[in-house]
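Throughout, read-outs are computed from the coordinates displayed, never taken from laboratory work. Predicted model, so just to flag it, every value in this text is computed and none were measured. Quick reminder, even Gly has a Cβ in these numbers, built from the backbone with ideal geometry, and neighbours come from all protein chains shown.
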Amino acid sequence: MRTSTSPKILKGFSLVELIMVIVITGILGSMVAVFLKAPIQQYMDVSRRAELTDVADTALYRMASEISTAVPNSIRPQGSGLTYVEFLPTKNGGRYRASADLSGASAVGDILDFTANDGSFDLLGPSVDLAQGDGIVVGSVQSDGNPPYDQSAASGVLRTVPVAAAGTTVANITATRFPAFAQLPSQRFDVVPATQQAVTYACEGALGALDANQNGQAQLVKHWAYGFNAVQVAPAGLGGTSAILADNVSACSFDYDVSNQRLGLLGIRLTLTSGGESVSLYHEIHVNNIP
């Protein structure tokens, strides 16, 4: 005996129900987005500021570590609004012989003679390694910052080393007489590394301007290994080697206070801007100006 069964009725969503679900989901999604937008934007802003702070802090720390070892009275801040600063880094130093030892009836020792051209002298203390092209600075006492870059007999206290040497005698430096004001009781000299020579930190680019994405358009740049210029040269004409320490710079300047003859105070202001978020740092570096 055959029995008949009625076919199963398959039910699903109607078009109206589907549209209602889509509308309701859209409304809920919009509400969630409104509540989440502010925390997400705040997180992105905090992350951007943290990144800018890290870049600025690293750049200022690097500058401070180098400038704090500068040759006394070698800081030269210049430019419109003091947008760049130059200095001579040091890698070593020592004391020169100012008077000979008496051995019987004769004097022993090579002194540094300030009354004539002199290209060598003995060291008092440990030996010093000198590389070809190193600079020897003796008696940098002028606060205008120029003599440490000048090799002339009348006003310069810089001499270069043409041949690498090591030991307790500095020999074969440029045999030009040092000026009388360079002869100091401390008998101190400083060695400027040939790998760096003079160094300039510069704020370059469109300071104060932002691009379409609200990013700073200037950079903080380091220049080095361009030699020694008796008269300071603007960054664009230096040559040598350069590297960008920080980009997205919107404001940058230097100020240098030498009212204290023993200690100079170099102030650095740096503002980085990215996506409309800005971070401003100010750092002060004490510079020992006692030769």
Expected sort for Glu51, Glu17 with the fewest Cβ neighbours (10 Å cutoff) up front is Glu17, Glu51
For the stretch 163-173, Karplus-derived ³J(HN,Hα) couplings (6.51, -1.76, 1.60; θ = phi - 60°; whole Hz; x for glycine and proline) come out as 10, 5, 7, 8, x, 9, 10, 8, 10, 6, 6
Sorting Gln183, Cys252, Gln217 by the position of each Cα along the dipole of the stretch 164-282 (Lys, Arg +1; Asp, Glu -1; all at Cβ), the one nearest the positive end of that ordering is Gln183
Expressed in nanometres to one decimal, the distance between label points 7 Å along Cα→Cβ at Ser152 and Asp211 is 4.5
From the Cα centre of the stretch 122-142 to that of the stretch 238-291, the distance in Å is 28
Note, the stretch 230-245: 3J(HN,Hα) by Karplus (6.51, -1.76, 1.60, θ = phi - 60°), whole Hz, Gly/Pro = x, goes 4, 10, 4, 10, 5, x, 4, x, 7, x, x, 10, 9, 8, 7, 8
The answer for Phe178, listing residues at least 5 apart or on another chain whose modeled amide H is closer than 5 Å to its amide H, is Asp118
Sorted by chain and number, the residues with a modelled amide H under 5 Å from that of Gln183, at a separation of 5 or more or across chains, are none
Candidates Phe254, Phe114, Phe228; GNM for the chain (alpha-carbon contacts under 10 Å) flags as most fluctuating Phe114
Between Ala251 and residues 5 or more places away or on another chain, the pairs with built amide H atoms under 5 Å apart involve Gly208, Thr271
Whole-Hz Karplus couplings 3J(HN,Hα) for the stretch 116-131, θ = phi - 60° and coefficients 6.51, -1.76, 1.60, Gly and Pro as x, run 8, 5, 9, x, 7, 6, 7, 9, 9, x, x, 5, 10, 8, 10, 9
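With +1 on each Lys and Arg Cβ and -1 on each Asp and Glu Cβ, and nothing else charged, work out how big the dipole of the chain is about its Cα centre, in Debye to the nearest 20.
Values: 17 positive and 24 negative charges, 260 e Å.
That gives a dipole near 1240 debye.
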So the FRET efficiency between Ile244 and Glu284, C-beta based with R0 = 25 Å and rounded to 0.05, is 0.60
Placing +1 on each Lys and Arg Cβ and -1 on each Asp and Glu Cβ in the stretch 216-291, then taking the dipole about the Cα centre, the residue among Gly267, Asn288, Phe228 whose Cα reaches farthest towards the positive end is Phe228
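Rounded, prolate or oblate: which fits the stretch 211-291, taking a ≥ b ≥ c as square roots of the Cα gyration tensor eigenvalues, rounded meaning a/c under 1.5, else prolate when a/b beats b/c?
Details: a/c = 3.16, a/b = 1.40, b/c = 2.25.
It comes out oblate by the Cα gyration axes.
How much mean residue ellipticity at 222 nm does the chain get from its helices, if each DSSP H run of length 4 or more adds -39500 (n - 2.57) and you divide by all residues, to the nearest 500 deg cm²/dmol?
Numbers: 1 runs with 53 residues, N = 291.
Rounded to the nearest 500, the figure is -7000 deg cm²/dmol.
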Candidates for mean projected area of the Cα convex hull in nm² are (1) 29.9; (2) 17.1; (3) 21.6, and the calculated one carries label (1)
Percent relative contact order for the stretch 42-191, counting Cα pairs under 8 Å at least six residues apart, stands at 25
